1. For a footprinting-style exposure proxy, rank Phe28, Phe99 by other Cβ within 10 Å, fewest first.
2. Could you list which residues have their amide H under 5 Å from that of Ile4, counting only those 5 or more apart in sequence or on another chain, with H placed in the peptide plane?
3. For Leu55, Leu133, Leu113, what ranking results if the residue with the fewest other Cβ atoms within 10 Å of its Cβ goes first?
4. What translational D, rounded to a whole number of µm²/s, comes out for the chain from Stokes-Einstein when the hydrodynamic radius is the Kirkwood one over Cα pairs, at 20 °C and 1.002 mPa s?
5. What residues have an amide H closer than 5 Å to that of Phe28, excluding those fewer than 5 places away on the same chain, when H is modeled at 1.01 Å from N in the peptide plane?
Amino acid sequence: MIVIVMGVSGSGKTTVGSLLASELGWRFWDADAFHPENNVGKMRSGVALSDEDRLPWLRSLSTLLEESTQQGQSAVLACSSLKESYRRILADGIPCVRFVYLRGSFDLINERLRARLGHFMGPELLSSQLATLEEPRDAIVVDASLTPRAIVAAIRDAIESTPAPFLGSPPD
């Protein structure tokens with residue numbers, strides 16, 4: 001199984017995703033670590049990424065996830081996955097993907113982004129992320145204002161109690 005923890009920057013994806021992976025004994029990846037330097041430079045400068053900027057990044061993440069499933073390894077990916085089309089690219093060819101959407105208010109996320117140090121994604125891009133966000137129809141939705149442990153407990157309960165929807169194309 002692949003679990004993709006999604007939401008806008010500052011929603012807690014990395015914290016929650018790494019904690020979830022640790023509890024489950026699965027691999028963890030933070031999608032931010034896979035951005036090409038050009039994308040990082042744009043975001044650091046306060047420039048929102050275009051779909052064209054994101055496409056190679058999303059495809060490389062999809063390949064990573066597909067290779068993990070082919071090796072029989074479950075994993076957690078922290079990735080914004082803001083649009084339905086992005087989520088489709090990520091899930092393509094993977095038989096069991098669960099998206100977890102960390103939903104938070106503008107005020108909560110803005111406060112977190114202002115307090116965060118050393119990250120290339122600043123609060124000036126929050127509005128553009130929220131404008132881009134297409135809330136998922138088929139995700140586990142968790143309130144981002146909960147503690148990370150409470151969020152992970154909610155995710156685990158949801159994963160264990162509901163079957164995963166099939167989101168990707170069938171594997172070859």
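1. By the 10 Å Cβ count, ascending: Phe28, Phe99.
2. Leu77, Arg98, Phe99, Val100
3. Ascending Cβ contact count within 10 Å gives the list Leu55, Leu133, Leu113.
4. Numbers: Rh = 16.1 Å.
D = 133 µm²/s.
5. Amide H neighbours of Phe28, under 5 Å, 5+ apart: Val76.
Every read-out reported here was derived from the displayed coordinates using simple, explicitly stated rules and does not represent laboratory data. Being a predicted model, the structure only gives us computed values, none of them experimental. Cβ sites come from the backbone with ideal geometry, for glycine too, and all protein chains shown count toward neighbours.
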